[in-house]
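Read the structure below first, then the notes.
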Amino acid sequence: MQVSLNIQDDVYQKIKSAGIDMQSKFNEYLLNLVDKKDDYLGSKQYQEDKAYFQEALEEIESGKIKPLSHTEVWTAIEQHTSK
């Protein structure tokens, strides 16, 4: 299948002079849009977030830290911003 794209001349020249293979870049981009491995759940960021929240949960469950209520959070914010 062929697809045509309208690319501004200056952009095309920059891409061409940089030696970028547009065909492979377009294919890669389109595959990334539909490839489930690139979703958030498969991302490095997800792994970092998951580890962070697992550690926070363990700290709460062990009693190492105490979660604040909604009221306590806003009281702390008000105290902090009034200084």
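The values are calculated or read from the model by the stated rules, or taken from the named source; none is laboratory data. Please read these numbers as outputs of a predicted model, since none were measured by experiment. Here Cβ is always computed from backbone atoms with ideal geometry, including for glycine, and neighbour counts include all displayed protein chains. Accessible surface areas use protein heavy atoms only, side chains included; no ligands, DNA or RNA. Shrake-Rupley method; radii C 1.70, N 1.55, O 1.52, S 1.80 Å.
Remark: the chain projects, on average over all directions, an area of 12.0 nm² (convex hull of Cα atoms). With the simple model of a label 7 Å out from the Cα in the direction of the Cβ, Lys50 to Ser17 spans 4.5 nm. Annotated for the range 1-62: lysine pairs at least 8 residues apart or interchain, Cα distance under 24 Å, count 8. Label reach from His80 (point 7 Å along Cα→C-beta): in the range 24-64, amide nitrogens under 18 Å belong to 56.
Ranking Lys25, Lys64, Lys50, Lys83 from most to least accessible surface, computed with a 1.4 Å probe over the protein chains only, gives Lys83, Lys64, Lys25, Lys50. Sum -39500 (n - 2.57) across every DSSP H segment of at least 4 residues in the chain, then divide by the residue count to get the 222 nm mean residue ellipticity, nearest 500. Rounded to the nearest 500, it is -20500 deg cm²/dmol. The Glu58 and Glu28 beta-carbon pair, evaluated with R₀ = 35 Å, returns a calculated FRET efficiency of approximately 0.35.
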